[in-house]
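Trainee: Attaching a single structure in structure tokens format; questions to follow.
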Amino acid sequence: MMAPVATLEHIASGRIFTPGPRAVLGRAASAELTLDDRRVSGEHASIYWDGSEWRVRDLGSRNGTFVGDTRVLPGEDPVLALGDILDLGGGGERWQVLDLDSPEHTTRAITLPPTLEATRSSAPTPAELALVLRVSADEEYVEVMVHLPSGPVALAPRAFHDLLLVLARHRLGERGSVAESEEGWVYFDDLCAMLGRERTRVNVDVFRARQQLGELGVVQAVDLFERRVTTRQIRLGVARLTVAPL
């Protein structure tokens, strides 16, 4: 049987954490997720698979564990759901649940193309790629072609490809008018408004897009999107972009 998989993203930094069937979170060096915030206890909380669902347990922490605004009380171990915000210490460490897969639904095994399997160090990063996005006249369909060093690969159609389109257009729209390091940045709340989606859904779309790129053997796929934590801005991390009609 395949192991259950959960994925959490640190809201402030974009750091990804994928726990095993049981993981302790806290400041202790022995914790599977080690945190520095002083509001977090040594062994603060645990996330675990109970055989059918993912749950969180407070381990007697000083400042509490919260799912959204609700404090996790001793013995309650609430079920986690996609999009939940897990708060350790009351504002210190906030993590969003991006993915919750049971063994029956886990499809995370990644097979790299033969040229990349042969020499893992040659695998490309997002900065080395080119993206070509072709858009239907009604803008209901976006075709994405990724140009790898080994050749172009068409991505399987996904609903979140409009996220790539919006950010690609934003970056191309500023090209030549600002320095490359400044082009394409958009405030996350503005991006949500452009897409007509809630923040939780857009964060999940960001994760899914990174995951799809990683399945091609791209290393550091997290860099498909770049973030400025202090200003809550985001941009597409690929500079070589083409947007054309389909």
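Trainee: What residue among Asp190, Asp77, Asp138 shows peak mean-square fluctuation when the chain is described by a Gaussian network model with Cα springs under 10 Å?
Mentor: Maximum among the listed residues: Asp138.
Trainee: A follow-up question, please. What are the ³J(HN,Hα) couplings of the stretch 70-82, residue after residue, when phi is run through the Karplus curve with 6.51, -1.76, 1.60 and θ = phi - 60°? Round to Hz, x for glycine and proline.
Mentor: Karplus values, whole Hz, x for Gly and Pro: 9, 6, 7, 8, x, x, 8, 6, x, 6, 8, 10, 4.
Trainee: Which of the three applies to the stretch 56-96, rounded, prolate or oblate, going by the alpha-carbon gyration tensor with a ≥ b ≥ c and a/c under 1.5 meaning rounded?
Mentor: oblate
Trainee: Counting only other residues whose beta carbon sits under 15 Å from that of Arg27, what net charge do I get with K and R as +1, D and E as -1?
Mentor: Every neighbour counted, the sum reads -3.
Trainee: Projected onto the charge dipole of the chain (+1 at Lys/Arg Cβ, -1 at Asp/Glu Cβ, origin at the Cα centre), which of Gly68, Ser181, Met145 gives the Cα projection farthest towards the positive end?
Mentor: Farthest towards the positive pole: Ser181.
Trainee: If you build a Gaussian network model of the chain, linking Cα atoms that sit under 10 Å apart, which residue out of Leu82, Leu73, Leu236 swings the most?
Mentor: Greatest mean-square fluctuation among the candidates belongs to Leu73.
Trainee: In Å and on Cα atoms, what radius of gyration and Dmax does the chain show?
Mentor: Cα only, the chain: 19.6, 58 Å (Rg, Dmax).
Trainee: Given the options Val202, Val229, Val132, which has the most mean-square fluctuation in a GNM of the chain, springs set between C-alpha atoms less than 10 angstrom apart?
Mentor: Of Val202, Val229, Val132, the most mobile in the Gaussian network model is Val229.
Trainee: How large is the charge dipole for the stretch 1-77, taken about the Cα centre, if only the Cβ atoms of Lys, Arg (+1) and Asp, Glu (-1) carry charge, to the nearest 20 debye?
Mentor: Numbers: 9 positive and 11 negative charges, 49 e Å.
Approximately 240 debye in magnitude.
Trainee: Given H placed 1.01 Å from N in the peptide plane, which residues other than close sequence neighbours of Leu148 have an amide H under 5 Å from its amide H?
Mentor: Val153
Trainee: Then there is this: Normalise the Cα radius of gyration of the stretch 155-231 by 2.2 N^0.38 Å (N = residues in it) and let me know the number.
Mentor: 1.12
Trainee: A further question on this structure: So if I place +1 on the C-beta of Lys and Arg and -1 on the C-beta of Asp and Glu, and nothing else carries charge, what would the dipole magnitude of the chain be about its Cα centre? I want it in debye, nearest 20.
Mentor: On the way: 27 positive and 35 negative charges, 94 e Å.
For this selection, approximately 460 debye.
Trainee: Shifting gears a bit: Which angle between 0 and 90 degrees, to the nearest 10, do you get for helix 199-214 versus the longest principal axis of the chain when only C-alpha atoms count?
Mentor: 70
Trainee: Show that you can apply the helix-only estimate: for the chain, add -39,500 (n - 2.57) for every DSSP H stretch of four or more residues, divide by all residues, and state [θ] at 222 nm to the nearest 500.
Mentor: Values: 4 runs with 42 residues, N = 246.
After summing the helix terms and dividing by the residues of the chain, the value is -5000 deg cm²/dmol.
Trainee: Given charges of +1 on the Cβ of Lys and Arg and -1 on the Cβ of Asp and Glu, with all other atoms neutral, how large is the dipole of the stretch 163-208 about its Cα centre, in debye to the nearest 20? Show your work: numbers first, answer last.
Mentor: Details: 7 positive and 8 negative charges, 55 e Å.
In debye, rounded to 20, the stretch 163-208 gives about 260.
Trainee: Over the chain, what is the relative contact order in percent, taking alpha-carbon pairs closer than 8 angstrom and at least six residues apart? Could the numbers behind the result be given before it?
Mentor: Details: 476 pairs, mean separation 42.0, N = 246.
Once divided by the residue count of the chain, the mean separation gives 17 percent.
Trainee: Could you point to the residue in Ile47, Ala31, Ala244 farthest towards the positive end of the chain's charge dipole, with +1 and -1 charges on the Cβ of Lys/Arg and Asp/Glu respectively?
Mentor: Farthest towards the positive end: Ala31.
Trainee: As a test of reading the structure, rank Val178, Val219, Val238 by solvent-accessible area (1.4 Å probe, protein chains only), most first.
Mentor: The residues order as Val178, Val219, Val238, largest area first.
The values are calculated or read from the model by the stated rules, or taken from the named source; none is laboratory data. All of these numbers come straight from a predicted model, not from anything done at the bench. All Cβ positions, even for glycine, are placed from backbone atoms using ideal geometry, and neighbour counts span all protein chains on display. Note: accessible area is taken over every heavy atom of the protein model, side chains too, but ligands, DNA and RNA are not part of it. Shrake-Rupley method; radii C 1.70, N 1.55, O 1.52, S 1.80 Å.
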